[in-house]
Every structure is written in C-alpha cells, then in structure tokens.
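The structure under discussion appears below in the form of structure tokens.
The values are calculated or read from the model by the stated rules, or taken from the named source; none is laboratory data. The model shown is predicted, which means the values in this text are computed figures rather than measured ones. Note that each Cβ is placed from the backbone with ideal geometry, even for glycine, and that neighbours are counted across all protein chains shown. The protein model used for the area step is the full one, side chains on, heavy atoms only, and it has no ligands, DNA or RNA in it. Shrake-Rupley method; radii C 1.70, N 1.55, O 1.52, S 1.80 Å.
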Amino acid sequence: MRNISVLDSGSGKQHVSEQIIPVDDPTLPYWRSQLHPIDDYRSSKNLPVECDIAIIGSGMAGVTTAYHLCQQMSEKPSIVMLEARQVCSGATGRNGGHSKVRSISLMKMIKEYGSAKAADFAAFVYEQKYAMKSCVEKEGLDCEFELRRSYDVFLDEGEAKEAKKWFYECLQEQHEWTRECDWIDERNVEQVTSMKGAKGAISVPACSFWPYKFVSQLLAKLMEDKLVNLQTRTPVTTIQHESGYSVLQTDQGALKARKVVFATNAYTGGLCDVYNGKIIPYKGTAVHIVPRVPVSPHLSHTYNISYAPEGLGVDYLNPRPDGGIVVGGGKWTYSQDRSSWFDTWDDSTLLPSVRPHFSSLMQRHFKGWEDSGAEINRIWTGIQGYTADERPHIGEVPGAEGQHYVLAGFNGGGMALIFTSARGVAKMIATGSSYKDTGLPSMFQTTRERLAAADTESYETRA
Ligand SMILES: Cc1cc2nc3c(=O)[nH]c(=O)nc-3n(C[C@H](O)[C@H](O)[C@H](O)COP(=O)(O)OP(=O)(O)OC[C@H]3O[C@@H](n4cnc5c(N)ncnc54)[C@H](O)[C@@H]3O)c2cc1C
C-alpha cells in the first residue's frame, strides 16, 4: 500500500493516510467480456491543465453525472473524467446487473424511518427505472435493458409467514408502494417462481441491463460530441482544495478544476478525508452460470432468494436473455473470515468458499434445471462502499461546499439509485440548487451530522 497525504476539507490540514486506490490487476467479470473501443482510452496525450468540472471515476455514478450535466447546461462545461483503471472497471462492471428495491429492505426502512420516508424511497427507485429506460431509448444504448418483475422468494417457512403478515398489514394501511407489489401465495409459489421448496414470495418491479454496455456506450456518446475528456489509467492521488478551485495530482501531471465530483464509491475515503472510515470498502462476489443448452421455458424474472432469517443470507439472480444467469451473494460462506472481505479494496483475488454453493445452485433450486449441466463460466469479485446507515452520501462535501460534490457509498444496491441521484447532483452543480431542491431522498444527503453519527462500532457488528 502506498501512503498519501489527504486533505481534511474542514480544517484545511493535510495528513498521511493509507491510500484506498483500485488495484491494477482485478478479476475479470463476465460483463467486461466484450470491451468498448474507449475502454482504455485517453482523449488527449497530455492531461488538460484545467477544466470546469473534474469527475473522478467512470462507473455508473461518474458517467451519468457527466451525462446529466451535459443535458442540463446550455453552455457546455469543460469536463475531464479521471479513471484509475479502465472505463467502468469498478463495482459497476462487476455487479449483478439488477436494479430493484427488495421488499425486506423496505420492511427495515419502515421500521427505521417510518412509512412516509420508505414510500418516498420506493417511489424514487420506481421512477428511476423509467428515467433509465428513456435514456436507453433516447441515446440508442444497446445494453439488454428490460423492465422486469422480480421475486423476493422465502425458502424458510417462518420468514415467509412473517413477510406475508407484514405485507398484508402494509396493504391494509394502503402503503403507496404496495400498488406495485403482490404476495405469491404458498399454494402456488413453487409453480409461479419455479423454485423448489419456496414457501412464499413477493413480486416487485425491477429492471435489468448490461451495466458495462450502458455506461461505456453513454460515455462514448459524450466523447463523440466532445463533451468529456476521458483519461483512463490515471489515478488521482491527492487533491488540494483552494478557494475557487482544486488541484488534482495524478501520475500524468496536475489538473486544476473549478468543481470536483467524487464518483469513487468504495474508494472515496482514500481521497476525501471526511469519508475516511465512513465509507468502508468491502468485497463481494458474483458468477456467470451457463447451462449446456438454454433451459425452456426461460426464467423471465429476476430473483432475491432468502434462505433463512438467521445464519444463511440472500442470493440475487439475473437470468440473461441468452439463457445464462448472473448470480451473486453467498456471503455466509466467507463472512466469518472478516479480513478476507471487510475493509479491503483488493478485487484481484476471489472468495473461493462461494464456488461450491454457486456451482450447482440452479440444479438444486430450480425446476427444469436438474439435468441442465449448468456450470460456472466465470467468477469474479468487486468492491462496494459500506456506510453505517446503509444509505449513500450525496451532495456537497462538508467543508468544500460549492466546489466538491459526492455521490458514493451505495452499499450493495447502487444500480437502483445512481442514475437519478446523478441527475440531482448535476442540478446542484448546473444551477446552484440546494440539495432540498433536487428532490432526492433526504436520507441520502451527506451532512456533517450524519457523518458524525456514523458509528464505527456498528460497522463491526452489522456488516
Ligand atoms: C459483486 C457485486 C455485485 C453487485 N450486485 C449489484 C446488483 O445486482 N444490483 C445493484 O444495484 N448493485 C449491485 N452492486 C453494487 C453496485 O455495483 C454499486 O453500488 C455501483 O456500481 C456503484 O457505482 P459507482 O459508479 O458509484 O462506483 P464504481 O462502479 O465502483 O466506480 C468508481 C470508479 O472510480 C474509480 N476510482 C476510484 N478511486 C479513484 C482514484 N483515486 N482516481 C481515479 N479513479 C478512481 C474506480 O476505478 C471506479 O471505476 C454489486 C456490487 C458488487 C461488487
């Protein structure tokens, strides 16, 4: 690890910190099996000397912020995008490709924030899929985007009963989000979901897409129109914050920027001190499973499978249009070995204990897959950003208001949140709007108070 000098935006003082920076040789995800010509591209041989807006990170957050800025600003700003590795080589290129809010997450949220805030959150997620669909169609992105349904399946009888009771209570209380969801009764659930031993399920709205194709094609469009100068393999090592501008240091030289957007998710604490120890990098894993020949009928919905309330956790499944399937989760197989996954940003190694769980998962759990010969085609890891309250940090960076913006700390579910969060951040930059005027959920706003309340103790027990 190299040590770097990190700026504390509040006090203006520098101090030495271990650098949380993407490793050079990550595992190869299925989604990065068909690379775009801009994957490894630098728009100019030399790093520009200055720009209006520097965006650090070329994942979903960085690229969609650039997109919305270009949509919203009539006078186009000069934008430089700095990426430590290749385009979309972070979590966005290594996830499940699956966007939804799990009913169980809503249950937790209602308990923690009340039903009105949970309803706002659900509405925010539901609206995002239509916003993404419009973008895919308007920009002609060929990324297998599809509006889908998703089953939250419960294999444990006790958990299914509890979920059913809770769902019907919400129905009775006329929670707005229940208009989009249905309970699948225990009598029919195996047939409806194709899952052996299912004890109940909630059907919820979702969408799926090929995240790398979405991001790389959108970025290529911005570059074609000369709206973004892309610099891949250019890690930002330090940032000096002066009044009115910031200086970003890289191995390619320095860049002076009037505004900076941290779209660095898990890695944000390595560059921006207020997030050091507040957004914790943690490793997750996914696989691509392929049957010998595509199984018919095709699984047209996505899944979250809950094995039991305690002990075993949750998997997520995203059937691909070609008959393959991307599956992630399996956390209980390695969670005891904390140093292998928590507070690490090394996605160059696998979490080998998940392999036996995933290798026959389809045969064990899905009707019609018993003789499919389904096998793991590819297995990989990626780094997510954990926050104590499991909400992202979005908005102006405390201590650098009006100059530094952040959208990071998406935990395990950024695909459902980022596109419209980026629209809000772009609005703040383009028009000087306050966070409140963006319409983003208040629970996402990054504030000193929220950061101070982020109790590191809870990281130890909850993650
Ligand atoms: C295995 C796995 C499965 C997942 N499954 C799902 C899922 O099914 N659904 C879902 O909603 N979410 C899922 N997630 C989470 C989701 O992928 C993330 O929330 C989302 O991709 C975050 O996007 P981002 O753009 O903020 O971050 P990233 O995609 O990680 O982009 C950050 C970028 O910043 C760059 N960077 C970092 N530091 C620097 C620096 N100093 N200088 C220059 N560049 C830098 C990185 O290289 C990276 O490209 C999963 C994540 C993983 C790892």
Exercise. Can you check what the net charge comes to around residue 447, using other residues whose Cβ is under 14 Å from the Cβ of residue 447 (Lys, Arg +1; Asp, Glu -1)?
Key: +1
Quiz item: If we sort 339-350, 41-52, 83-94, 192-203 on the protection proxy, mean other Cβ atoms within 10 Å, highest first, what's the order?
Solution: 83-94, 192-203, 339-350, 41-52
Quiz item: For segment 13-156, what is the Kirkwood estimate of the hydrodynamic radius, computed as the reciprocal of the mean inverse distance between distinct Cα atoms, to one decimal in Å?
Solution: 18.8
Quiz prompt | segment 400-427-segment 266-299 distance, computed between alpha-carbon centres (Å) | solution = 17
Quiz item: Where the Cα atoms of segment 187-229 are projected onto their three principal axes, how long is each span, largest first, in whole Å?
Solution: 57, 16, 12
Practice problem: Two decimals is fine: what is log10 I(q)/I(0) at q = 0.14, 0.15, 0.22 Å⁻¹ for segment 207-308, from a Debye sum with one equal scatterer on every Cα and no solvent? | Solution: -0.86, -0.93, -1.35
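What accessible area per residue comes out for segment 307-463, rounded to a whole number of Å², with a 1.4 Å probe?
Averaged over the residues of segment 307-463, the accessible area is 39 Å².
In whole percent, what relative contact order does the chain give with Cα contacts below 8 Å and a gap of six or more residues?
23
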Quiz item: Roughly speaking, what is the centre-to-centre gap between segment 326-384 and segment 148-226 when only Cα atoms are used, to the nearest Å?
Solution: 21
Practice problem: Within the set of other residues whose C-beta is less than 10 Å from the C-beta of residue 72, count the net charge using Lys and Arg as +1 and Asp and Glu as -1. | Solution: +2
Exercise. Take every Cα-Cα distance within segment 85-128, group them into 5 Å bins from 0 onward, and report for each bin the whole-number percent of pairs it holds.
Key: 5, 20, 21, 15, 14, 12, 9, 4, 1
Quiz item: For segment 77-171, what is the accessible area per residue in Å², given a 1.4 Å probe and the full set of protein chains?
Solution: 39
Self-check item: Descending semi-axes in Å of the chain, equivalent ellipsoid built from Cα gyration tensor
Solution: 36, 24, 22
Practice problem: Give, in whole angstrom and from largest to smallest, the semi-axes √(5λ) of the equivalent ellipsoid of segment 276-369, with λ running over the eigenvalues of the Cα gyration tensor. | Solution: 28, 14, 12
Quiz prompt | Tail beyond 13 Å, pair distance distribution of segment 148-211 (Cα, percent) | solution = 62
Quiz item: Accessible area of residue 145, 1.4 Å probe, to the nearest 10 Å²?
Solution: 40
Quiz prompt | In sequence order, calculated HN-Hα J values of segment 401-414 (Karplus, 6.51, -1.76, 1.60; Hz; x Gly/Pro) | solution = 4, x, 10, 10, 10, 9, 9, 7, x, 8, 6, x, x, x
Self-check item: For segment 123-278, average projected area of the Cα convex hull in nm²
Solution: 14.5
Practice problem: Using the structure shown, list the pairs from 117/283; 199/367; 259/436; 76/213; 138/226 with a Cα-Cα distance above 23 Å, or answer none. | Solution: 117/283; 76/213
Quiz prompt | Over 22 Å [Cα-Cα, segment 342-419], rounded percent | solution = 52
Quiz item: Where the accessible area of the chain is counted over protein heavy atoms with a 1.4 Å probe, how much of it, in %, is carbon and sulfur?
Solution: 48
Exercise. Evaluate Rg over Rh across segment 405-448, taking Cα atoms for both radii and Kirkwood's formula for Rh.
Key: 0.94
Quiz item: log10 I(q)/I(0), Debye, Cα-only segment 330-463, no solvent, q = 0.22 Å⁻¹?
Solution: -1.27
Quiz item: Taking amide H positions as placed 1.01 Å from N in the peptide plane, with prolines and chain starts having none, which residues 5 or more places from residue 405, or on another chain, fall under 5 Å of its amide H?
Solution: 260, 261, 262, 397
Self-check item: Principal axes of segment 101-181: Cα extent on each, largest first, Å
Solution: 45, 29, 20
Practice problem: Kindly work out what percent of the DSSP beta bridges joining two residues of the chain are antiparallel, to the nearest 5. | Solution: 70
